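The values are calculated or read from the model by the stated rules, or taken from the named source; none is laboratory data. Everything numeric here is computed off the predicted structure, so don't read it as measured data. Glycine gets a Cβ as well: all are built from the backbone with ideal geometry, and neighbour counts include every protein chain shown.
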Amino acid sequence: MKELLEKRLLWVGGKGGVGKTTVAAALAVLAARRGRRVLVVSTDPAHSLGDVFDRELGDESRRLLPNLDAMEIDPDAEVEAHLARVTAQMRRYAAPEMMTELERQMRLTRQSPGTQEAALLERLSRLITDDAGEWDLIIFDTAPTGHTLRLLTLPEAMAAWTDGLLAHNRKSEELGKVLSHLTPKRGQDVATPFDDPHEDGLADLDDKTRDVARTLRDRRRLFHQARRRIENAEETGFMFVLTPERLPILETARAVATLEEAHVPVAGTLVNRVIPPEADGDFLNARREQEATYLERIDEVLGHLPRPRLPWLPTDVQGIEILEQLAERLEAEGF
Ligand SMILES: Nc1ncnc2c1ncn2[C@@H]1O[C@H](COP(=O)(O)OP(=O)(O)OP(=O)(O)O)[C@@H](O)[C@H]1O
Ligand SMILES: [Mg+2]
(Lines give C-alpha, C1' and ligand atoms only; values in the text may rest on other atoms or scores of the structure.)
(Ligands and ions follow the chains in the order given, each with its own letter.)
Protein backbone atom coordinates (compact mmCIF):
# COMPACT_ATOMS: atom_id res chain seq x y z
CA MET A 1 0.00 0.00 0.00
CA LYS A 2 3.05 2.24 -0.14
CA GLU A 3 1.81 3.98 -3.28
CA LEU A 4 -1.35 5.07 -1.48
CA LEU A 5 0.37 8.00 0.19
CA GLU A 6 1.90 9.01 -3.13
CA LYS A 7 -1.48 9.74 -4.68
CA ARG A 8 -3.17 13.12 -4.67
CA LEU A 9 -6.50 12.18 -3.15
CA LEU A 10 -7.08 9.58 -0.47
CA TRP A 11 -10.53 8.79 0.87
CA VAL A 12 -10.84 6.97 4.16
CA GLY A 13 -14.25 5.36 4.53
CA GLY A 14 -16.00 2.71 6.58
CA LYS A 15 -18.81 1.99 9.00
CA GLY A 16 -19.50 4.28 11.94
CA GLY A 17 -17.00 4.12 14.79
CA VAL A 18 -14.44 1.74 13.21
CA GLY A 19 -11.56 4.24 13.33
CA LYS A 20 -11.75 6.27 10.10
CA THR A 21 -10.83 9.57 11.71
CA THR A 22 -8.00 8.00 13.69
CA VAL A 23 -6.52 6.27 10.64
CA ALA A 24 -6.91 9.34 8.42
CA ALA A 25 -5.04 11.42 11.00
CA ALA A 26 -2.25 8.87 11.44
CA LEU A 27 -1.80 8.50 7.67
CA ALA A 28 -1.62 12.28 7.37
CA VAL A 29 1.13 12.38 10.01
CA LEU A 30 3.04 9.65 8.15
CA ALA A 31 2.78 11.30 4.73
CA ALA A 32 3.79 14.69 6.14
CA ARG A 33 6.81 13.11 7.76
CA ARG A 34 7.83 11.80 4.33
CA GLY A 35 7.82 15.37 3.05
CA ARG A 36 4.49 15.44 1.28
CA ARG A 37 2.42 18.56 1.85
CA VAL A 38 -0.75 17.13 3.33
CA LEU A 39 -4.22 18.43 4.05
CA VAL A 40 -6.55 16.25 6.06
CA VAL A 41 -10.21 17.23 5.74
CA SER A 42 -13.17 16.13 7.79
CA THR A 43 -16.79 16.71 6.88
CA ASP A 44 -18.10 15.35 10.15
CA PRO A 45 -20.18 17.94 12.04
CA ALA A 46 -19.21 16.17 15.29
CA HIS A 47 -15.69 17.65 14.89
CA SER A 48 -13.84 14.47 15.77
CA LEU A 49 -10.77 15.27 13.67
CA GLY A 50 -9.98 18.18 15.97
CA ASP A 51 -10.47 15.83 18.92
CA VAL A 52 -8.01 13.29 17.55
CA PHE A 53 -5.34 15.95 17.04
CA ASP A 54 -6.38 17.62 20.27
CA ARG A 55 -6.62 20.95 18.45
CA GLU A 56 -9.39 23.36 17.57
CA LEU A 57 -10.08 23.08 13.82
CA GLY A 58 -12.36 25.01 11.50
CA ASP A 59 -13.36 25.86 7.99
CA GLU A 60 -9.96 27.26 7.04
CA SER A 61 -6.94 24.95 7.05
CA ARG A 62 -4.75 25.07 10.11
CA ARG A 63 -1.07 24.05 10.34
CA LEU A 64 -0.56 21.27 12.89
CA LEU A 65 2.91 19.96 12.08
CA PRO A 66 5.50 20.73 9.39
CA ASN A 67 3.78 19.83 6.07
CA LEU A 68 0.52 18.95 7.80
CA ASP A 69 -2.65 21.06 7.65
CA ALA A 70 -6.13 20.10 8.79
CA MET A 71 -9.62 21.43 8.19
CA GLU A 72 -13.11 20.64 9.41
CA ILE A 73 -15.87 21.54 7.01
CA ASP A 74 -19.23 22.22 8.63
CA PRO A 75 -21.95 20.97 6.25
CA ASP A 76 -24.59 23.33 7.69
CA ALA A 77 -22.36 26.36 7.17
CA GLU A 78 -21.72 25.14 3.60
CA VAL A 79 -25.47 24.98 2.99
CA GLU A 80 -25.93 28.57 4.18
CA ALA A 81 -23.06 29.85 2.05
CA HIS A 82 -24.31 27.89 -0.94
CA LEU A 83 -27.90 29.18 -0.61
CA ALA A 84 -26.66 32.72 -0.08
CA ARG A 85 -24.79 32.53 -3.39
CA VAL A 86 -27.78 31.09 -5.19
CA THR A 87 -30.16 33.67 -3.69
CA ALA A 88 -27.89 36.57 -4.63
CA GLN A 89 -27.82 35.34 -8.16
CA MET A 90 -31.56 34.74 -8.32
CA ARG A 91 -32.21 38.20 -6.94
CA ARG A 92 -30.60 39.67 -9.99
CA TYR A 93 -32.52 37.35 -12.20
CA ALA A 94 -36.01 37.25 -10.71
CA ALA A 95 -38.60 40.02 -10.91
CA PRO A 96 -39.12 41.83 -7.54
CA GLU A 97 -42.61 40.39 -7.07
CA MET A 98 -41.09 36.90 -7.16
CA MET A 99 -38.71 37.41 -4.26
CA THR A 100 -41.17 36.25 -1.60
CA GLU A 101 -41.72 33.05 -3.50
CA LEU A 102 -37.99 32.68 -4.02
CA GLU A 103 -37.28 33.07 -0.33
CA ARG A 104 -39.94 30.47 0.44
CA GLN A 105 -38.22 28.12 -1.99
CA MET A 106 -34.90 28.73 -0.27
CA ARG A 107 -36.37 27.87 3.12
CA LEU A 108 -37.75 24.64 1.70
CA THR A 109 -34.47 23.85 0.01
CA ARG A 110 -32.58 24.30 3.26
CA GLN A 111 -34.62 21.44 4.74
CA SER A 112 -34.91 19.17 1.76
CA PRO A 113 -32.95 15.93 1.51
CA GLY A 114 -29.77 16.24 -0.45
CA THR A 115 -29.13 19.89 0.26
CA GLN A 116 -26.26 19.24 2.66
CA GLU A 117 -24.73 16.79 0.23
CA ALA A 118 -24.99 19.25 -2.62
CA ALA A 119 -23.35 22.04 -0.67
CA LEU A 120 -20.68 19.70 0.65
CA LEU A 121 -20.05 18.24 -2.75
CA GLU A 122 -19.47 21.68 -4.17
CA ARG A 123 -16.91 22.49 -1.51
CA LEU A 124 -15.16 19.13 -1.85
CA SER A 125 -15.16 19.41 -5.63
CA ARG A 126 -13.34 22.73 -5.36
CA LEU A 127 -10.66 21.10 -3.21
CA ILE A 128 -10.42 18.07 -5.48
CA THR A 129 -9.93 20.09 -8.65
CA ASP A 130 -7.68 22.79 -7.20
CA ASP A 131 -4.36 22.09 -8.86
CA ALA A 132 -2.90 25.41 -7.81
CA GLY A 133 -3.47 24.45 -4.15
CA GLU A 134 -0.78 24.18 -1.52
CA TRP A 135 -1.07 20.43 -1.03
CA ASP A 136 0.40 17.32 -2.66
CA LEU A 137 -2.02 15.01 -0.89
CA ILE A 138 -5.52 15.58 0.45
CA ILE A 139 -6.87 12.95 2.84
CA PHE A 140 -10.63 12.90 3.32
CA ASP A 141 -11.95 11.64 6.60
CA THR A 142 -15.46 10.81 5.49
CA ALA A 143 -18.80 10.17 7.11
CA PRO A 144 -19.97 6.55 7.51
CA THR A 145 -20.24 4.47 4.37
CA GLY A 146 -23.65 5.03 2.83
CA HIS A 147 -23.48 8.77 2.96
CA THR A 148 -20.06 8.94 1.35
CA LEU A 149 -21.02 6.58 -1.42
CA ARG A 150 -23.95 8.78 -2.34
CA LEU A 151 -21.70 11.77 -2.34
CA LEU A 152 -19.12 10.17 -4.58
CA THR A 153 -21.36 8.43 -7.02
CA LEU A 154 -24.17 10.90 -7.59
CA PRO A 155 -22.84 14.19 -8.91
CA GLU A 156 -25.44 13.85 -11.64
CA ALA A 157 -28.17 14.00 -9.02
CA MET A 158 -26.57 17.10 -7.58
CA ALA A 159 -26.73 18.83 -10.93
CA ALA A 160 -30.42 18.00 -11.07
CA TRP A 161 -30.84 19.63 -7.69
CA THR A 162 -29.29 22.92 -8.78
CA ASP A 163 -31.55 22.99 -11.80
CA GLY A 164 -34.56 22.34 -9.57
CA LEU A 165 -34.04 25.77 -8.05
CA LEU A 166 -35.11 27.28 -11.32
CA ALA A 167 -38.13 25.09 -11.87
CA HIS A 168 -40.66 27.71 -10.77
CA ASN A 169 -39.16 30.40 -12.89
CA ARG A 170 -40.81 31.88 -15.97
CA LYS A 171 -37.69 31.34 -18.00
CA SER A 172 -37.24 27.81 -16.84
CA GLU A 173 -38.40 26.21 -20.03
CA GLU A 174 -35.95 28.13 -22.14
CA LEU A 175 -33.19 27.58 -19.62
CA GLY A 176 -34.05 23.92 -19.31
CA LYS A 177 -33.41 23.44 -22.99
CA VAL A 178 -30.00 25.05 -22.72
CA LEU A 179 -29.09 22.99 -19.68
CA SER A 180 -30.13 19.71 -21.19
CA HIS A 181 -27.96 20.58 -24.14
CA LEU A 182 -25.04 21.23 -21.77
CA THR A 183 -25.46 18.04 -19.77
CA PRO A 184 -23.24 15.23 -20.95
CA LYS A 185 -24.89 11.85 -21.37
CA ARG A 186 -23.45 9.09 -19.23
CA GLY A 187 -20.22 7.73 -20.61
CA GLN A 188 -19.78 10.60 -23.03
CA ASP A 189 -16.65 12.69 -22.71
CA VAL A 190 -17.68 15.82 -20.85
CA ALA A 191 -14.98 17.90 -22.51
CA THR A 192 -16.90 18.24 -25.74
CA PRO A 193 -20.03 20.12 -24.74
CA PHE A 194 -18.38 22.14 -21.98
CA ASP A 195 -15.32 23.38 -23.75
CA ASP A 196 -17.07 24.92 -26.73
CA PRO A 197 -15.50 28.39 -27.04
CA HIS A 198 -18.69 29.83 -28.52
CA GLU A 199 -20.57 29.08 -25.32
CA ASP A 200 -22.91 26.73 -27.17
CA GLY A 201 -26.58 27.74 -26.85
CA LEU A 202 -25.98 30.57 -24.39
CA ALA A 203 -25.71 33.25 -27.05
CA ASP A 204 -29.46 33.21 -27.75
CA LEU A 205 -30.39 34.08 -24.15
CA ASP A 206 -30.90 37.50 -22.58
CA ASP A 207 -28.16 38.71 -20.21
CA LYS A 208 -29.73 37.64 -16.93
CA THR A 209 -30.67 34.20 -18.13
CA ARG A 210 -27.23 33.71 -19.58
CA ASP A 211 -25.71 34.68 -16.24
CA VAL A 212 -27.64 32.00 -14.37
CA ALA A 213 -27.10 29.41 -17.07
CA ARG A 214 -23.39 30.07 -16.94
CA THR A 215 -23.28 29.55 -13.18
CA LEU A 216 -25.16 26.28 -13.42
CA ARG A 217 -22.96 25.15 -16.25
CA ASP A 218 -19.83 25.98 -14.23
CA ARG A 219 -21.15 24.01 -11.29
CA ARG A 220 -21.87 21.00 -13.48
CA ARG A 221 -18.45 21.27 -14.99
CA LEU A 222 -16.93 21.36 -11.51
CA PHE A 223 -18.85 18.25 -10.41
CA HIS A 224 -17.89 16.35 -13.52
CA GLN A 225 -14.23 17.30 -13.27
CA ALA A 226 -14.21 16.19 -9.64
CA ARG A 227 -15.88 12.95 -10.58
CA ARG A 228 -13.32 12.31 -13.29
CA ARG A 229 -10.48 12.75 -10.81
CA ILE A 230 -12.13 10.45 -8.32
CA GLU A 231 -12.38 7.79 -11.01
CA ASN A 232 -8.72 8.10 -11.92
CA ALA A 233 -6.79 5.41 -10.05
CA GLU A 234 -3.47 7.19 -10.66
CA GLU A 235 -4.65 10.15 -8.65
CA THR A 236 -7.18 8.72 -6.23
CA GLY A 237 -7.28 5.91 -3.70
CA PHE A 238 -10.18 4.80 -1.56
CA MET A 239 -9.45 2.92 1.63
CA PHE A 240 -11.94 1.20 3.91
CA VAL A 241 -11.30 0.88 7.60
CA LEU A 242 -13.09 -2.00 9.29
CA THR A 243 -12.95 -3.93 12.52
CA PRO A 244 -12.97 -7.75 12.66
CA GLU A 245 -16.68 -7.93 13.44
CA ARG A 246 -19.71 -9.18 11.55
CA LEU A 247 -21.44 -5.95 10.54
CA PRO A 248 -18.37 -3.93 9.52
CA ILE A 249 -17.31 -6.84 7.29
CA LEU A 250 -20.73 -7.07 5.62
CA GLU A 251 -20.95 -3.34 5.13
CA THR A 252 -17.41 -3.04 3.77
CA ALA A 253 -17.89 -5.87 1.29
CA ARG A 254 -21.05 -4.19 0.01
CA ALA A 255 -19.43 -0.76 -0.17
CA VAL A 256 -16.38 -2.07 -2.03
CA ALA A 257 -18.66 -3.70 -4.60
CA THR A 258 -20.67 -0.49 -5.02
CA LEU A 259 -17.57 1.63 -5.54
CA GLU A 260 -16.02 -0.84 -7.93
CA GLU A 261 -19.25 -0.82 -9.95
CA ALA A 262 -19.16 3.00 -9.95
CA HIS A 263 -15.52 2.88 -11.21
CA VAL A 264 -14.14 4.45 -8.05
CA PRO A 265 -10.77 2.79 -7.43
CA VAL A 266 -10.58 0.91 -4.12
CA ALA A 267 -6.93 0.71 -3.06
CA GLY A 268 -7.32 -1.43 0.03
CA THR A 269 -8.67 -1.94 3.50
CA LEU A 270 -7.32 -1.50 6.98
CA VAL A 271 -8.33 -3.92 9.70
CA ASN A 272 -8.38 -1.92 12.90
CA ARG A 273 -8.56 -2.90 16.54
CA VAL A 274 -7.15 -6.39 16.22
CA ILE A 275 -6.55 -7.92 19.67
CA PRO A 276 -2.75 -7.81 20.13
CA PRO A 277 -0.85 -11.05 20.91
CA GLU A 278 0.31 -9.76 24.28
CA ALA A 279 -3.27 -9.34 25.54
CA ASP A 280 -4.10 -12.23 27.85
CA GLY A 281 -6.80 -13.55 30.17
CA ASP A 282 -9.69 -15.98 29.56
CA PHE A 283 -12.00 -13.26 28.37
CA LEU A 284 -9.62 -11.91 25.73
CA ASN A 285 -8.65 -15.41 24.65
CA ALA A 286 -12.30 -16.21 24.02
CA ARG A 287 -12.69 -12.96 22.05
CA ARG A 288 -9.55 -13.75 20.12
CA GLU A 289 -10.96 -17.10 19.01
CA GLN A 290 -14.05 -15.41 17.71
CA GLU A 291 -11.93 -12.72 16.10
CA ALA A 292 -9.94 -15.37 14.23
CA THR A 293 -13.09 -16.47 12.39
CA TYR A 294 -13.79 -12.87 11.39
CA LEU A 295 -10.22 -12.35 10.21
CA GLU A 296 -10.66 -15.45 8.03
CA ARG A 297 -13.92 -14.07 6.75
CA ILE A 298 -12.15 -10.82 5.82
CA ASP A 299 -9.55 -12.82 3.87
CA GLU A 300 -12.40 -14.55 2.01
CA VAL A 301 -14.56 -11.59 1.06
CA LEU A 302 -11.87 -8.91 0.66
CA GLY A 303 -9.04 -11.18 -0.50
CA HIS A 304 -8.48 -9.21 -3.69
CA LEU A 305 -7.45 -6.12 -1.68
CA PRO A 306 -4.54 -5.34 0.67
CA ARG A 307 -5.60 -5.87 4.32
CA PRO A 308 -3.00 -4.44 6.72
CA ARG A 309 -3.85 -4.46 10.44
CA LEU A 310 -3.62 -2.17 13.44
CA PRO A 311 -3.75 -3.50 16.98
CA TRP A 312 -6.34 -2.62 19.56
CA LEU A 313 -4.52 -0.11 21.74
CA PRO A 314 -4.90 0.08 25.51
CA THR A 315 -6.18 3.66 25.26
CA ASP A 316 -8.14 5.91 22.91
CA VAL A 317 -6.15 7.77 20.27
CA GLN A 318 -5.80 11.44 21.05
CA GLY A 319 -2.93 13.86 20.56
CA ILE A 320 -0.05 14.09 18.13
CA GLU A 321 2.30 11.89 20.11
CA ILE A 322 0.13 8.78 19.91
CA LEU A 323 -0.68 9.57 16.28
CA GLU A 324 3.04 9.49 15.57
CA GLN A 325 3.25 6.05 17.15
CA LEU A 326 0.34 4.91 15.01
CA ALA A 327 2.05 6.37 11.95
CA GLU A 328 5.07 4.20 12.70
CA ARG A 329 2.90 1.13 12.98
CA LEU A 330 1.25 1.96 9.68
CA GLU A 331 4.68 2.28 8.11
CA ALA A 332 5.62 -1.14 9.49
CA GLU A 333 2.40 -2.49 7.91
CA GLY A 334 3.63 -1.40 4.49
CA PHE A 335 2.28 2.11 4.09
N1 LIG B 1 -6.64 0.83 17.17
C2 LIG B 1 -7.34 1.45 18.14
N3 LIG B 1 -7.16 1.12 19.45
C4 LIG B 1 -7.86 1.73 20.42
N5 LIG B 1 -8.79 2.67 20.19
C6 LIG B 1 -9.03 3.02 18.93
C7 LIG B 1 -8.32 2.44 17.84
N8 LIG B 1 -8.77 3.00 16.68
C9 LIG B 1 -9.71 3.89 17.05
N10 LIG B 1 -9.87 3.90 18.40
C11 LIG B 1 -10.81 4.71 19.18
O12 LIG B 1 -12.12 4.35 18.75
C13 LIG B 1 -12.99 5.48 18.75
C14 LIG B 1 -13.58 5.66 17.36
O15 LIG B 1 -12.56 6.00 16.45
P16 LIG B 1 -12.78 7.07 15.29
O17 LIG B 1 -13.42 8.28 15.82
O18 LIG B 1 -11.50 7.20 14.56
O19 LIG B 1 -13.83 6.24 14.41
P20 LIG B 1 -14.67 6.79 13.14
O21 LIG B 1 -14.80 5.63 12.22
O22 LIG B 1 -14.06 8.03 12.61
O23 LIG B 1 -16.06 7.11 13.82
P24 LIG B 1 -17.29 7.94 13.15
O25 LIG B 1 -17.97 6.97 12.23
O26 LIG B 1 -18.12 8.30 14.33
O27 LIG B 1 -16.70 9.11 12.44
C28 LIG B 1 -12.14 6.66 19.19
O29 LIG B 1 -12.34 6.86 20.56
C30 LIG B 1 -10.72 6.19 18.92
O31 LIG B 1 -9.78 6.80 19.79
MG1 LIG C 1 -14.90 9.94 12.30
Exercise. Being buried (at least 19 other Cβ atoms within 10 Å of the Cβ) and among the hydrophobic types (A, V, I, L, M, F, W, C) is the filter; apply it to segment 103-129 and report the residue that is modelled with the lowest pLDDT.
Key: 118
Self-check item: Residues located in segment 15-35, provided they are among the charged types (D, E, K, R) and more than 8 Å from ligand 1 (Cβ to nearest atom)
Solution: 33, 34
Quiz item: So which residues in segment 36-59 are more than 15 Å from ligand 1 (Cβ to nearest atom), in a loop (DSSP other than H, G, I, E, B) and touching a residue at least 40 places away in the same chain (Cβ under 8 Å), if there are any at all?
Solution: 36, 37
Quiz item: Could you list, in sequence order, the residues of segment 78-100 that are among the acidic types (Asp, Glu) and either under 24 Å from residue 58 (Cβ atoms) or surrounded by 12 or more Cβ atoms within 10 Å (Cβ to Cβ) (or both)?
Solution: 78, 80
Practice problem: Please specify each residue of segment 37-52 satisfying the condition of being more than 10 Å from ligand 2 (Cβ to nearest atom), within 24 Å of residue 2 (Cβ to Cβ) and either crowded, with 18+ Cβ neighbours inside 10 Å or of a type in the set (S, T, N, Q) (or both). | Solution: 38, 39, 40, 41
Quiz item: For segment 7-14, does any single residue satisfy the condition of being touching a helix residue (DSSP H, G or I) at 6+ places or on another chain (Cβ under 9 Å), near ligand 1 (Cβ under 7 Å from one of its atoms) and at positive phi?
Solution: yes
